[in-house]
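Everything on this sheet refers to the single structure shown next.
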Amino acid sequence: MLQAAETAGFGVLVTGDQNLQFQQNLEKRQIGVVVLCGVSTALEDLLPLVPDALKAIEAVRAGDVLLTFHFFDFHLCRLRCKTVFAF
């Protein structure tokens, strides 16, 4: 998926996969990743993250992983993610 996105010219991948950074070596990628850290991947849990996700999309650089979450969900995301950049 990452290779296909890079080949197609995308600069950012937005995903709900909170384990992606542990499964892939993203530091050498030519694409940035924005992870939506919701309580679940249900649309109603992800929609409130959209405003911050838009900011993260503007800020992310190739090889970066930026996480978006609600403050009250921070402890859930922090347990799953090694690096936290909050928006």
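Things worth noting here:
- Residue in region 61-71 that is of a type outside the set (S, T, N, Q), assigned to a helix (DSSP H, G or I), exposed (fewer than 14 other Cβ atoms within 10 Å of the Cβ) and modelled with pLDDT under 90 present: yes
- In region 19-56, residue modelled with the lowest pLDDT [restricted to those that are part of a loop (DSSP other than H, G, I, E, B) and buried (at least 19 other Cβ atoms within 10 Å of the Cβ)]: G38
- Inside region 2-18, residues that are loosely packed, with under 11 Cβ neighbours inside 10 Å and either among the small types (G, A, S) or under 27 Å from S40 (Cβ atoms) (or both) make up a count of 3.
The values are calculated or read from the model by the stated rules, or taken from the named source; none is laboratory data. None of the values given here were measured: they were computed from a predicted structure. Note: ideal-geometry Cβ built from the backbone for every residue, glycine included; neighbour counts use all protein chains shown.
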